[in-house]
Amino acid sequence: MYSYTFDSETGGIILNSTPTNFSKEPRPIYAAELDILGFDKYWDYDKQNDVPYMWAESNIYWYRGVQIAKTKGGDLYTAPELQPVRDENGSIPFGKADGAKLEQMDIEAMCAANVDLLTVIEDSTVKKIVKEYEKFKDKLDIFHVAFSGGKDSAVLLDLVKKALPKGSFVVIFGDTGMEFPDTYEAVEETKKQCEADGTPFYIARSHFEPKDSWEIFGPPSRTLRWCCSVHKSTPQTLKMREITGKENYTGLDYVGVRKHESLARSTYEYENYGKKQKGQHSFNPLLEWTSAEIWLYMYSRNLFINKAYIKGNSRAGCLLCPMSGGCSDFIRRYNYTDNIDSFIDIIKRKNSWDSYSEAELHSYVTSGGWDNRRSGRGIAGNVLKYKEKTSEGEITIEVINPNSDWKEWIKTADTVTIPMKIEEHKNGATFVLQEKDVKAHPTVGKFIRQSLKKAAYCVGCRVCETNCKGGHIHFENGKVTITDCIQCHECHDIPAGCHAYNSLKIPQGEKKMKTINCFDDHAPKRDWLVSFFDLQDDFFTEHTLGPNMFTHFKRFLRDAQLIDGNRCTDFSTLICDLGWESDTALALILVNLSYENAQFEWYISQMDIGYFYESKLLKERLMADDIKEKAANSVIKSFKRIVGTPFGTVLNFGYVTDDDDMVRTKCSISDNRVVLYALYKFAEKCNMDKEFHVSYLFNESVERDGVSPVRIFGLYDEEELKSILLGLSSAYPEFINATFTNDLQTITLRDKTSNDVLNLFKEEL
């Protein structure tokens with residue numbers, strides 16, 4: 001909610017009354033973390049873990065308002081490099097070389113200094129919780145607090161206890177089975193407290209043991225996060241059905257989500273319905289809280305602190321998560337070596353690339369191989385169980401050695417609108433559909449396909465069962481039974497229709513992927529661009545490039561929409577008129593490339609703004625997507641060439657560090673009309689209505705054909721983006737209307753096109 005400053009007197013944090021839209025999420029640092037990172041080499045401090053010594057913002061460490069160190073790098077096996085801050089004389093602030101000793105934080109004084117604002121925050125949040133309860137208390141079957149054992153859920157539970165009557169809600173801990181050992185201690189402590197004050201406390205856990213599910217589904221990845229559904233949301237839903245005695249219960253879940261935690265969560269709203277589970281309202285009372293406020297509340301109310309934080313972990317989540325990395329991975333493994341190594345062993349064992357050396361397998365684990373998996377290819381022991389081909393107007397689907405009964409799953413699809421010929425055989429069944437029927441009824445065809453994928457791959461995870469609000473799907477001993485299905489298709493609201501299929505599917509080549517390596521070793525250079533824009537149409541006859549250079553450069557020009565065949569386009573003329581080396585012209589070109597050139601699209605989609613990527617890591621990521629090593633090397637090499645052109649030096653698309661790290665950066669934009677152009681291209685490519693919520697631009701979890709301007713240009717500061725959109729709305733109301741008042745966060749594009757936006761530039765030259 002509020003901004004903060006570091007306090008030199010107490011060593012703590014002082015809130016001020018200025019609202020904040022961005023928080024660096026400070027966290028307290030104890031001796032245990034200092035020891036792990038090697039602080040004792042430079043600083044003297046008592047080896048106690050009762051009271052913290054300093055704060056960290058990401059990898060920056062602050063002691064009594066002074067930045068004293070930062071860390072760089074690190075992975076599961078390698079400690080990050082500790083880099084002390086030194087003055088011009090080489091001295092380290094508060095260093096042991098000067099005889100100094102770090103003092104513990106004065107927690108009591110810090111809390112006293114913040115009591116007034118903290119009371120305001122607490123009171124306003126309690127009122128929100130009460131208001132939401134009053135709104136639904138006579139309409140819903142159950143209210144529950146989602147408890148994780150972490151700091152946010154601890155604060156949330158304390159506030160809900162203050163806000164709601166005793167017995168009006170329950171607490172549910174979603175035990176993934178992959179929690180930190182210290183988290184289980186925090187859960188037991190909280191359970192005792194709840195039992196003492198009469199608050200029902202339940203534990204929800206999947207029937208799958210985590211190590212078994214990793215074997216069955218293959219290790220989770222950034223894009224294949226089956227683990228959240230299987231081990232968290234589904235067991236919680238089943239537990240609430242058990243508590244209420246209703247298959248179709250309706251409930252409200254108080255969740256400790258905060259928008260400052262991540263970019264994805266920055267777009268969350270206080271209330272939503274059915275986004276994660278059907279029939280379930282979710283309310284996020286802590287949405288506006290920062291971690292500074294969370295920690296102040298923890299200390300001032302003397303709440304139990306999960307020891308995982310004291311040991312240096314910034315989050316108390318799963319032991320080994322594909323979404324983590326770097327220093328956090330090292331600290332986790334340092335503290336819980338045996339627990340994490342048991343999952344690493346599964347990753348290695350499930351990797352089918354026999355040609356990997358021990359060093360390559362090590363790199364696969366540490367540098368982005370396993371956590372970037374997008375299919376079942378490369379999973380040891382995985383076999384094809386669903387096969388589809390189209391020939392002579394017929395779609396033939398083979399279900400090979402299915403895991404469950406297709407006759408049950410097909411009940412969820414409409415086989416009247418699209419009839420099938422079915423032939424059962426020893427190893428499964430073959431289904432034949434007419435291609436014309438599927439084209440005429442694509443949605444029906446989709447659900448038939450997904451029903452058969454479910455039959456082929458179902459492992460009884462019960463996600464489909466919990467998605468079925470009507471209670472028509474039941475599992476017993478892993479066997480599915482479907483009765484009185486109304487074909488609402490809620491059970492199909494799963495990636496690819498089935499988590500197991502989605503994680504284990506083996507690409508059959510029916511959908512060809514665009515070649516990412518568009519330029520080979522001939523990415524554009526500045527002098528090539530100079531020559532093209534100087535010569536224009538004459539370039540095709542007067543250039544001095546070699547044959548391969550010309551071929552690949554022509555590909556670049558075509559994808560940028562600067563040429564059509566051997567002639568320059570009107571767009572090319574506009575770029576010349578704008579001055580091709582201006583950030584405006586380059587930004588317009590970049591928008592076109594993000595849609596038409598697979599290599600630029602890969603840089604934009606796979607490289608996060610401000611992150612330092614080792615070339616080796618990006619190479620591993622490319623090869624994990626079945627890109628050959630030579631092509632992967634070319635893609636890496638091309639980035640280094642591209643950022644040496646005005647795309648890097650003027651537009652600020654990215655750069656390469658002295659350590660050969662590759663970095664994509666926020667683009668420098670002086671004319672906001674390029675954002676308007678990108679918005680129209682986005683809407684056109686997504687084939688979407690031209691009215692949408694601003695959060696949609698930030699939501700990167702949605703599969704879509706368009707690339708958000710947020711991603712293209714690095715416009716992740718929501719307030720900055722809103723300012724740009726409001727400015728465009730004022731200057732060009734015939735093109736866009738942006739409304740950001742009260743609960744309205746809407747962008748409306750008028751009945752125009754991206755070409756019409758380009759005409760704005762032409763008219764105002």
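No lab work stands behind these numbers, since they all come straight from the coordinates. All figures in this text were calculated on a predicted structure; none of them were measured in a lab. No Cβ is skipped: glycine too gets one built from the backbone with ideal geometry, and neighbour counts run over all protein chains shown.
Quick one: dipole size for the stretch 52-122, taken about the Cα centre, charges +1 on Lys/Arg Cβ and -1 on Asp/Glu Cβ, in debye to the nearest 20.
Rounded to the nearest 20 debye, it is 320 debye.
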Relative contact order [Cα under 8 Å, 6+ residues apart], the chain, whole percent: 9
Computed on Cα atoms only, the convex hull of the chain has an orientation-averaged projected area in nm² of 37.2
Karplus-derived HN-Hα couplings along the stretch 206-215 (A = 6.51, B = -1.76, C = 1.60, θ = phi - 60°), whole Hz, x at Gly and Pro: 5, 6, 7, 6, x, 5, 5, 5, 4, 5
3J(HN,Hα) from dihedral phi, the stretch 197-203, Karplus parametrisation 6.51/-1.76/1.60, rounded to Hz, x for glycine, proline: 9, x, 9, x, 10, 10, 10
Could you check the simple spin-label distance between VAL51 and HIS474, using points 7 Å along Cα→Cβ, in nm with one decimal? 6.1
Residues in the stretch 572-592 that a label on LYS525 would reach, taking backbone N under 20 Å of a point 7 Å out along Cα→Cβ: 581
Taking a ≥ b ≥ c as the square roots of the eigenvalues of the Cα gyration tensor, with a/c under 1.5 meaning rounded and otherwise prolate when a/b exceeds b/c and oblate if not, the stretch 580-713 is oblate
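With a ≥ b ≥ c taken as the square roots of the eigenvalues of the C-alpha gyration tensor of the stretch 386-504, please select rounded if a/c is under 1.5 and otherwise prolate if a/b is larger than b/c or oblate if it is not? Kindly include the intermediate steps, with their values, before the conclusion.
Values: a/c = 1.82, a/b = 1.39, b/c = 1.31.
Prolate is the answer for the stretch 386-504, as a/c is 1.5 or above and a/b outweighs b/c.
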At what distance in nm do the modelled label points of LYS135 and PHE612 sit from each other, each positioned 7 Å from its Cα along Cα→Cβ? 4.5
For the stretch 1-82, I need the span (max minus min coordinate) of the C-alpha atoms along each principal axis, in Å, sorted largest to smallest. 41, 27, 20
Using the alpha carbon gyration tensor of the stretch 160-224, what are the three equivalent-ellipsoid semi-axes (square root of 5 times each eigenvalue), largest first, in whole Å? 31, 13, 10
For the stretch 2-111, what is the charge dipole size about the Cα centre, in debye to the nearest 20, if Lys and Arg each add +1 at the Cβ and Asp and Glu each add -1 at the Cβ? 280
Toward the positive end of the charge dipole of the chain, about the Cα centre and with charges on Cβ (Lys, Arg +1; Asp, Glu -1), which of ASN759, THR483, VAL383 goes farthest? THR483
For the stretch 81-90, 3J(HN,Hα) per residue [Karplus equation, 6.51 cos²θ - 1.76 cosθ + 1.60, θ = phi - 60°, Hz, x = Gly/Pro]: 7, 8, 10, x, 7, 10, 7, 5, 8, x
Dipole of the stretch 626-765, positive end: most advanced residue of GLY727, VAL694, SER670 [Cβ charges, Cα centre]: SER670
Assign unit charges at the C-beta atoms only (+1 for Lys and Arg, -1 for Asp and Glu), then state the dipole size of the chain relative to its Cα centre in Debye, rounded to the nearest 20. 2000
Per 0.36 nm of contour for each residue apart, how much would the distance between GLU88 and ASP570 grow if the chain were fully extended, relative to their Cα-Cα spacing? 168.0 nm
So for the chain, taking the charge dipole from beta-carbon charges (+1 Lys/Arg, -1 Asp/Glu), which of HIS231, GLY654, TYR30 sits furthest toward the positive end? HIS231
Please report the spacing between the Cα centers of the stretch 578-613 and the stretch 298-373 in Å, no decimals. 32
Anything over 28 Å Cα to Cα? Flag those among LYS436/LYS690; LYS191/LYS454; LYS446/LYS479; LYS411/LYS469; LYS96/LYS311, in the order listed. LYS436/LYS690; LYS191/LYS454
Residue-averaged 222 nm ellipticity for the chain, from DSSP H runs of 4+ at -39500 (n - 2.57), nearest 500: -11500 deg cm²/dmol
